[in-house]
There are 2 protein chains.
Amino acid sequence: MGIYYGIIYGVIIVSLAIIYYLFKYIFSQEKGSKEMQEISEAIREGAMAFVKRQYKTIGIIAVIVLVIILLAVYFGNQSKGADEAFKIAWHTAIAFVTGAFCSALSGYIGMYMTVNTNIRTANGAKSGLNKALQISFRGGAVTGLAVTVLSLLGVTTLFLVFGGSSSDDTLIKEAPSLIVGFGFGASLVALFAQLGGGIYTKAADVGADLVGKVEAGIPEDDPRNPAVIADLVGDNVGDCAGRGADLFESTAAENIGAMILGVALFPVFGVKGILFPLVARALGIIASIVGIFLVQVKDESKDPMKALNKGYLITTGIVLVFMFFTVKNMLSGNLPNGTEVNYMMLYGCAVAGIVLGFGFVWLTNYYTSVECRPVKEIAKSSETGPGTNIITGVSMGMESTALPVLFISLAIFISYKLGDSALGGIANGGLYGTAIATMGMLSTCAFILAMDTFGPITDNAGGIVEMSGAPEEVRNVTDRLDACGNTTKALTKGYAVGSAALATFLLFSAYLDEVKKIIGKPLDSWFSVDIGKPEVFIAGFIGVMLVFLFSSTAIRAVGRAAQYVIMEVRRQFKEKPGIMDGTEKPDYASCVDIVTKGALKEMVLPGILVIVTPVLVGILLGKEAAAGFLMISTIAGVILALFLNNAGGAWDNAKKFIELGNHGGKKSEAHKAAVVGDTVGDPFKDTAGPSLHVLIKLISTITLVFVSLFS
Amino acid sequence: MGIYYGIIYGVIIVSLAIIYYLFKYIFSQEKGSKEMQEISEAIREGAMAFVKRQYKTIGIIAVIVLVIILLAVYFGNQSKGADEAFKIAWHTAIAFVTGAFCSALSGYIGMYMTVNTNIRTANGAKSGLNKALQISFRGGAVTGLAVTVLSLLGVTTLFLVFGGSSSDDTLIKEAPSLIVGFGFGASLVALFAQLGGGIYTKAADVGADLVGKVEAGIPEDDPRNPAVIADLVGDNVGDCAGRGADLFESTAAENIGAMILGVALFPVFGVKGILFPLVARALGIIASIVGIFLVQVKDESKDPMKALNKGYLITTGIVLVFMFFTVKNMLSGNLPNGTEVNYMMLYGCAVAGIVLGFGFVWLTNYYTSVECRPVKEIAKSSETGPGTNIITGVSMGMESTALPVLFISLAIFISYKLGDSALGGIANGGLYGTAIATMGMLSTCAFILAMDTFGPITDNAGGIVEMSGAPEEVRNVTDRLDACGNTTKALTKGYAVGSAALATFLLFSAYLDEVKKIIGKPLDSWFSVDIGKPEVFIAGFIGVMLVFLFSSTAIRAVGRAAQYVIMEVRRQFKEKPGIMDGTEKPDYASCVDIVTKGALKEMVLPGILVIVTPVLVGILLGKEAAAGFLMISTIAGVILALFLNNAGGAWDNAKKFIELGNHGGKKSEAHKAAVVGDTVGDPFKDTAGPSLHVLIKLISTITLVFVSLFS
């Protein structure tokens, strides 16, 4: 197995070198005019202040949870003897702390890169589109690579330390279960990072828009709006810090789930089955690096989206090749009955996952792009006012759940059947097929994450250019990049939901494996979760309800925090009448401060709800009910997230479509209606929706950690 | 068992006499002035024309489904021999036709009563509140009683004819399964009635509001609005015809489900266990009749809602007493092991159901009443515009799912555990406990339905009074009744969802019993529906997706149909400039015609979606997957319906709260924002939400009918 560790750590070292190179590249770029630097500095300060305070709050929560974990795991595992219980407890605790720390670090890196790349992108825009694209995308790439590498490094090292290289098979087989705490720590931090950031960004955005655009009639990013810096800060703390932590925990949790399943297949593949997810991830990083360096526009008039798509396609192509050799090398061998494993079928599972990733990106594009029917229909319905705009948007969002669900169902079905038949129908074979599919889908994740972080960087750069009064050709460059960034942000959200859905089955079966161990059933036995039992049915009911209640609290938090911003901006306009004609400077800092306090206060309740409910269900209704809770809440969570993300994205772009001159263009009644839709969509797509991705994974990891407590 | 049939038919005959008496009472009332009669006549004509065309469309669909049923059931049951298969097929077909006919008749009665009672209520309002309340509520009572009696008559008679009084136990035990077609026929018609009516009523309402109130600035029900008659027609075809068919199929499907469960308990209770649901229903009708006659206001200044609540309370009290004796008499005896059945525990199940009904009505009131926090918060958020109004409303609607789900979960849990322990832990004992709870909850249904139909009658009466220019004190009476009717409409929706949720378990287990019979397992064995199997998980995924997709198509249908109305009204305002100053008469009929065509066209797609999907899932993924589909789509359907109904109701009342003079009152910016929320909420609460109740039951009955086809 030395060779596999060699590959993994080799990739990590190479990636770190590349990250260092990209980092140097970005910091060697000019920072532009004094005005630009001033604005950028204000954004940087606001973002850092928020993250500092946010991490303090999260830290307190994490310490409380840590104590609970130690006690719960220790006392829950007493049946295994005090020594063993103690070992499990402190391993889980260490893993939890490491996961939480790495997740927080990922979020910090994402934000740090954005606040330092935005100004350089703004300045780079003076030299043309390609320069600005290079800077902004490479800024995103640092985050994308750093987050993925950190996840790989954390999981691999913990596995090694907890017995992964032991010569004792028992120790190796125990190790994956001991690192579930890593996934839980990561999800916990990610949930609060995404929630707090999501509330911040949208409260500032909604607030700034409602008083700025609608009431005062000044354009977006106008320096006269006191909430404009808070709005730009929001892009960083929500889209970057939040999403960084989100995708960190995704990759970690899914890796761990796949490794636990690998244990179940130990008789077939030995340790290779456990290491496969890590090696697949490592090679995916290499593919992403190649893709990242190929992103450039030669012709300045071309759509930058094409360059990004090219990079994504190439990454996917390389992954397809790498995967083949990885599967062939690691997942072949003989079944217990002597017949050979059909590795081509297992490769088919990986392909199904990769295709699903593509499919999700494509479908999200259809439902949120200005060129397709849904957005156009919403724009048209805006002619008859905000009421019909909202009705059409809600309806489109609900419709947009249909095809993705069919795609996921197909991918799960195909990979399950292929895995089952490749492994001769042995227990867990089908599940391992879905694990391979998940690894396939997530192998391009470093590239996807780079595209995602690119979005807020260009958004911010555009804001800086606008506020500093740069010439129109520079604005034109950042506008084009910003439009492109909006698309990539929407697409990666689709990708994130898709991977969450595919991974459910994986994390669910990891949970069942833990249950089997606790009740002393062999891993290759079948543990059924019977929805015909009232406890399981009730647990499912409560699971779906939790998804709705959580979304409710997240959305309302934005509404409440936005109200504070609105009141504050109105106060400033009233007390400083000189703001509107430019003779007085608005007080940006007080707006930033108000949103920070509001967002942090509002994130606590929904967060605690998500932590407490699954544990209570498990304790009161039992292990089987907790499994039903996990599965059914995931189904509802994925579908509600699709609805929220796509409806929000479609409203956003319907407004943009009208601004392009359709249905009366800017300032028309249709535009006013579309602005209302956009406002409603904001907390849908940037607060509740993305937080639901994290919620799904958090429920999986929390049930894994606390399973020993369940009755 | 003769005594039980005696009670049931006795109650039916008494009820028919009461219905005749109430009918005579209403038709002996004066019809009022010529203007009033003209308007009422226009509404009557429009409603009748719609229902005629709607029933033609539904008839065509029903005939196609009938042929499919005959073939599917015949060929699906070939394993039982050609003769037996033929018998099952034609029994199911007869039951289907009867159910469909009775459901259509129920809808027709509801509508017929409303269009004839509205004018008499309007005229009665001249003599004061009590008179108007008496007329309108008794009009509703005719519908409520007729629908419930029809359901009881249909189910009992089919059961008798199909072998219910046979001396051969085998024939008796087969009979309940043969009448599932009755439930399916009823649900099929109810789905299209509710959908078509729901689309009609809201397209007309939204259309009329958007051009009338918002664009032209004329008040609601203003005769200058060309869509005003269509709007009033809508109240009849949606709220009356639709809801009548909806509650008809509810009571029928749940009775049948409980009877099938009774078969499983045949060794304990004999035929009494099968007849119990029918006797409980019959006695509930008697209790409702007493309650209906007690509804009156002595003091004209008092809130009419108090009178209705008093009637509801008395009905519930009588039901509590009746239930005790019914349970004691019918559900006692000895278990196979010789110990006695604990009938007090079974009575506890009934009480749990009755309390749940109360709880739902109370919770719905909390979330939609102008006196409670949710509505007030939405009204306050309207100050910052339609965006925040929508955000707050969505968030409140999502929140409103939480407590009802906990209530349902508790009721299911308690009744299951009580049933299980009352029946000494024998198979299906727990389930029979939930069946008793369902019967308890539904025993007040005739009264609830009377309250529900009362809503549109007063709404219409108010419209007639407004349009005929009656004096203010008359308007004041109808306004008070209308406000009261809005509350009862919201409450009964909560009741309908609650009963659907409680009955799921019942219909699910009826389905499992059918599966057991087909695969040759004994009825007291356990058939598990394992969500850990990929087919079941995928089916659940698709089930939740169907609920969203269906809601999407239903909501969009309203948006589309409303657009036609808006265009038509704008055209009339443009071509007939005299309408606004009263010199020209608008063309009401063309509006009515346009909505009729639009609504009927739009109802077909979502309807077919609901019929085809469960059958396809069963055929492609198998019986167990279909069971998962049934359960998980029901969970999602109940929760989404709660969200849609409550958000819609809260928006409606937030607007009313502002109109009472809060937050700037009528014509303020807050009011404009609240009108947008009301517009959005309309298709939520009157089209998609109520159609989801029917969808849930339709999925249950369709899987029951087609189970023999599933792989």
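The residues of the stretch A:312-428 have, on average, 36 Å² of accessible surface per residue, using a 1.4 Å probe with all protein chains present. Pairwise Cα separations in the stretch B:202-263 fall into 10 Å bins from 0 onward with the following percentages, short to long: 21, 30, 18, 14, 11, 5, 0. Checked against a 27 Å cut-off, the cross-linked pairs B:LYS516/B:LYS697; B:LYS131/B:LYS667; B:LYS126/B:LYS306; B:LYS126/B:LYS489 give Cα-Cα distances beyond that limit for B:LYS131/B:LYS667.
In chain B, a dipole from Cβ-located charges (positive for Lys and Arg, negative for Asp and Glu) runs towards its positive end, and of B:LEU709, B:LEU600, B:ILE60 it is B:LEU709 whose Cα lies farthest in that direction.
Across the protein chains, with a 1.4 Å probe defining accessible surface, the residues A:LYS126, B:LYS417, A:LYS623 rank A:LYS126, B:LYS417, A:LYS623 from largest area downward. A simple charge model with +1 on the Cβ of Lys and Arg, -1 on the Cβ of Asp and Glu and nothing else charged puts the dipole of the protein assembly as shown at about 660 debye relative to its Cα centre. Rounded to the nearest whole angstrom, the semi-axes of the ellipsoid equivalent to the protein assembly as shown, taken from the Cα gyration tensor as √(5λ), stand at 52, 42, 25, largest first. Think of each Lys and Arg Cβ as +1 and each Asp and Glu Cβ as -1; about the Cα centre, that makes the dipole of chain B roughly 420 debye. How much of the accessible area of the stretch A:602-695, probe 1.4 Å, is carbon plus sulfur, in whole percent? Accessible surface attributable to carbon and sulfur in the stretch A:602-695 totals 65 percent. The mean of 1/r over all distinct Cα pairs in chain A, once inverted, gives the Kirkwood hydrodynamic radius of 25.3 Å. Computed on the stretch B:167-302, the Cα convex hull volume stands at 157 Å³ per residue.
Note on the stretch A:129-243: Cα-only Rg and Dmax are 21.4, 71 Å.
Compared with the alpha-carbon gap, the fully stretched path from A:ILE218 to A:CYS372 is longer by 52.5 nm at 0.36 nm per residue. For peptide B:402-415, the mean count of partner chain Cβ atoms within 10 Å of a residue's Cβ comes to 4. Counting only protein heavy atoms and a 1.4 Å probe, the stretch B:2-47 has 55 square angstrom of accessible area per residue. Report, to one decimal in Å, the Kirkwood hydrodynamic radius for the stretch A:366-456 based on all distinct Cα pairs. Value: 16.3 Å, from the Cα pair sum.
Below 16 Å, Cα to Cα, which lysines can B:LYS417 reach? Residues fewer than 8 away in the same chain don't count. List returned: A:LYS533. Counts of other chain beta carbons within 10 angstrom of each beta carbon in peptide A:320-330 average 0. In degrees, nearest 10, range 0 to 90: what is the angle between the Cα axis of helix A:689-706 and the longest Cα principal axis of chain A? Between the helix axis and the principal axis of chain A, the angle is about 30 degrees. For chain A, the longest principal axis of the alpha carbon atoms and the long axis of helix A:623-659 meet at an angle near 20°. Given a 1.4 Å probe and the protein chains as shown, B:THR121 ends up with an accessible area of around 0 Å². Across the stretch B:501-511, rounded Karplus estimates of 3J(HN,Hα) from the backbone phi angles (6.51 cos²θ - 1.76 cosθ + 1.60, θ = phi - 60°) give 5, 5, 7, 3, 4, 5, 6, 4, 6, 4, 4 Hz, Gly and Pro being marked x. Between B:MET113, B:PRO219, B:GLY6, whose Cα lies farthest towards the positive end of the dipole of chain B when Lys and Arg beta carbons carry +1 and Asp and Glu beta carbons carry -1, centred on the Cα centre? Looking along the dipole axis, the top candidate is B:GLY6. The heavy atoms of A:ARG480 present about 70 square angstrom of accessible area, all protein chains included, probe 1.4 Å. Solvent exposure of A:SER165, expressed as accessible area, is near 70 Å², computed with a probe of 1.4 Å over the protein chains only.
Solvent-accessible surface of protein heavy atoms, probed at 1.4 angstrom with all chains present, puts A:TRP526, A:TRP651, A:TRP90, A:TRP362 in the order A:TRP362, A:TRP526, A:TRP90, A:TRP651, largest first. In the stretch B:611-689, the convex hull through the Cα atoms has an average projected area of 5.9 nm², a quarter of its surface area. Helix-only arithmetic for chain B: the sum of -39500 (n - 2.57) across DSSP H runs with n ≥ 4, divided by the residue total, places the mean residue ellipticity at 222 nm at -28500 deg cm²/dmol.
In summary, the lysines within cross-link reach of B:LYS585, defined as a Cα separation below 16 angstrom excluding same-chain residues under 8 places away, comprise B:LYS574, B:LYS576. In percent, how large is the relative contact order of chain A, given Cα pairs closer than 8 Å and 6 or more residues apart? It comes to 21 percent, rounded to a whole number. With the highest mean first, a sort of the peptides A:493-499, B:263-269 on other beta-carbon atoms found within 10 angstrom per residue produces A:493-499, B:263-269. Shielding of peptide B:377-387 by partners, expressed as the average count of other chain Cβ atoms within 10 Å per residue Cβ, is 6.
Against chain B, whose longest principal axis is taken from its Cα atoms, helix B:588-621 shows a tilt of about 20°. Of the listed residues A:SER421, A:SER528, B:SER288, the order by accessible area with a 1.4 Å probe, largest first, is A:SER421, A:SER528, B:SER288.
Full extension of the segment from A:GLU340 to A:ARG53, taken as 0.36 nm per residue of separation minus the current Cα-Cα distance, would add 97.7 nm. Chain B and chain A together bury an accessible surface of about 6400 square angstrom, both sides counted, with a 1.4 Å probe and no ligands or nucleic acids included.
About the centre of its Cα atoms, the stretch B:267-426 shows a dipole size close to 300 debye [charges on the beta carbon of Lys, Arg (+1) and Asp, Glu (-1) only; nearest 20 debye].
Counted over all Cα-Cα pairs of the stretch A:1-70, pairs farther apart than 19 Å make up 68 percent.
The values are calculated or read from the model by the stated rules, or taken from the named source; none is laboratory data. Quick caveat: nothing in here was measured; it's all calculated off a predicted structure. Please note: Cβ atoms are built from the backbone with ideal geometry, for glycine as well, and neighbour counts cover all protein chains shown. Surface areas here come from the heavy atoms of the whole protein model, side chains and all, with no ligands, DNA or RNA. Shrake-Rupley method; radii C 1.70, N 1.55, O 1.52, S 1.80 Å.
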